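One structure is given below, encoded as structure tokens.
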Amino acid sequence: MYDLIIIGAGPIGLNCAIEAEKARLKYLVIEKGVLVNSIYHFPENMTFFSTSNLLEIGGVPFIAHSEKPTRREALEYFRRVAQSWNLKIHYYEKVESIRKTNNFQIKTTKSEYQAKKVVVATGFFDHYRALNVPGEDLPKVKHYYDEPHRYLGQKLAVIGAANSACDVALETFYKGAEVTMIIRESQIYEKVKYWIRPNIENRIKEGSVKAYFNSTVKEIREKDIVIQTPEGEKVLENDFVLAMTGYLPDYDFFKKTGIAFNKDEGMTPVHNPETLETNIPGVYIAGVICAGQNTSKLFIENTREHAEIIIGDIVKKTTASK
């Protein structure tokens with residue numbers, strides 16, 4: 001019997017584990033992949049938008065070679081965090097179900113556990129927004145960017161206009177790809193980072209990067225893509241499609257678990273903002289999933305406080321029940 005089981009070993013899941021350590025709770029972190037699994041699957045040469053001090057957790061200093069750390073530095077940092085606090089984590093173990101009896105029965109791909117409380121800190125990077133068009137399952141279509149070398153000399157379509165799409169379009173263009181952006185809106189997303197937006201806008205203005213605004217993809221085929229533009233339907237020669245359309249929380253897991261979500265535009269999970277407890281007493285959510293589909297609202301740096309809020313509420317309720 002555990003006092004707490006934390007689902008997800010991302011930065012916020014780790015922070016919850018650290019607060020559980022401080023409170024001397026018997027806890028376990030269950031992670032379906034590796035430590036900070038989402039960060040591990042970022043592009044190899046990715047640089048964070050946040051500074052290293054904004055990513056720090058557990059009082060462990062994050063020393064990077066420049067103001068904004070790289071993926072490699074982040075992986076090293078979170079390994080040090082887990083080792084420094086001797087966090088109790090099971091890797092490569094996916095939670096399949098959570099069932100409420102007197103306590104919670106957590107069934108995984110490897111075992112079953114009992115816990116008094118549960119924290120869901122699963123992030124959203126594993127669940128991309130699908131285009132829902134014919135041909136999306138072709139091998140040439142990717143929802144996760146890897147690195148630019150493979151696109152040298154290739155006709156590349158980048159779908160989207162937010163930070164990731166603009167960053168990908170610029171990097172692949174500079175490495176020799178022929179880049180076309182397909183953008184649903186009438187302009188580049190207004191909240192694109194200040195050092196990226198002028199660059200991509202200038203590349204579009206000079207014609208180095210082709211952009212179709214107010215346009216959508218209708219079909220993806222082996223050697224081309226069909227897009228709908230204000231001027232009508234166009235067929236573009238194409239080798240690869242990088243759909244940088246964003247990511248979503250695991251709503252299927254929420255439904256299966258019984259966590260309700262608001263039927264508003266953001267589809268945020270139902271929770272008490274003061275305690276982060278969901279509609280299921282004893283089940284909490286932490287990290288970016290609290291924002292639902294508003295995935296540009298919450299990040300590591302402004303959800304670090306979630307761990308203190310949740311563990312504080314658990315300790316308070318445990319003490320009150322004695």
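The values are calculated or read from the model by the stated rules, or taken from the named source; none is laboratory data. Not measured: the values here are computed from a predicted model. Glycine gets a Cβ as well: all are built from the backbone with ideal geometry, and neighbour counts include every protein chain shown.
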Those residues of region 280-289 which are buried (at least 22 other Cβ atoms within 10 Å of the Cβ) and not aliphatic (A, V, I, L, M), in sequence order: Tyr284, Gly287
Looking at region 195-215, is at least one residue of a type in the set (S, T, N, Q), surrounded by 18 or more Cβ atoms within 10 Å (Cβ to Cβ) and in contact (Cβ under 8 Å) with a residue 40 or more places away in the chain? no
Say whether the condition of being crowded, with 17+ Cβ neighbours inside 10 Å, part of a strand (DSSP E or B) and modelled with pLDDT of 95 or more is met by at least one residue in region 171-178. yes
Being touching a residue at least 12 places away in the same chain (Cβ under 8 Å), surrounded by fewer than 17 Cβ atoms within 10 Å (Cβ to Cβ) and not hydroxyl-bearing (Ser, Thr, Tyr) is the filter here; which residues of region 34-59 pass it? Val34, His41, Pro43, Glu44, Asn45, Phe49, Leu54
Boolean, Ile309 is touching an Asp or Glu at 6+ places or on another chain (Cβ under 9 Å), among the aliphatic types (A, V, I, L, M) and in contact (Cβ under 8 Å) with a residue 40 or more places away in the chain: no
Residue by residue through region 246-279, note down the ones that are at negative phi, in contact with a strand residue (DSSP E or B) (Cβ under 7 Å, 6 or more places away or on another chain), surrounded by fewer than 18 Cβ atoms within 10 Å (Cβ to Cβ) and part of a loop (DSSP other than H, G, I, E, B). Val270
Take the conditions part of a loop (DSSP other than H, G, I, E, B), at negative phi and either basic (Lys, Arg) or over 26 Å from the mean Cα position of the chain (by Cα) (or both) and apply them to Glu222. Does it pass? yes
Where the second residue is of a type in the set (Gly, Ala, Ser) and in a helix (DSSP H, G or I) and the first is in the same structural domain as Ile204 (by TED's automatic domain parsing) and lies in region 159-180, which pairs have Cβ atoms under 6 Å and are six or more apart or on separate chains? Val179/Ala169
Which condition number in (1) surrounded by fewer than 16 Cβ atoms within 10 Å (Cβ to Cβ); (2) touching a strand residue (DSSP E or B) at 6+ places or on another chain (Cβ under 7 Å); (3) outside any strand (DSSP E or B) is the one that Ala82 fails? (1)
Among the candidates Ser215, Ser186, residue that is polar (S, T, N, Q) and over 26 Å from Pro139 (Cα atoms): Ser186
Considering only region 112-127, I want to know if a residue exists there that is free of Cβ contacts under 8 Å to residues at least 12 places away in the same chain, of a type in the set (Ser, Thr, Tyr) and farther than 28 Å from Met46 by Cα. no
Sort out which residues of region 112-157 are surrounded by fewer than 17 Cβ atoms within 10 Å (Cβ to Cβ) and in a strand (DSSP E or B), and write them in order of number. Glu112, Gln114, Tyr128, Lys142
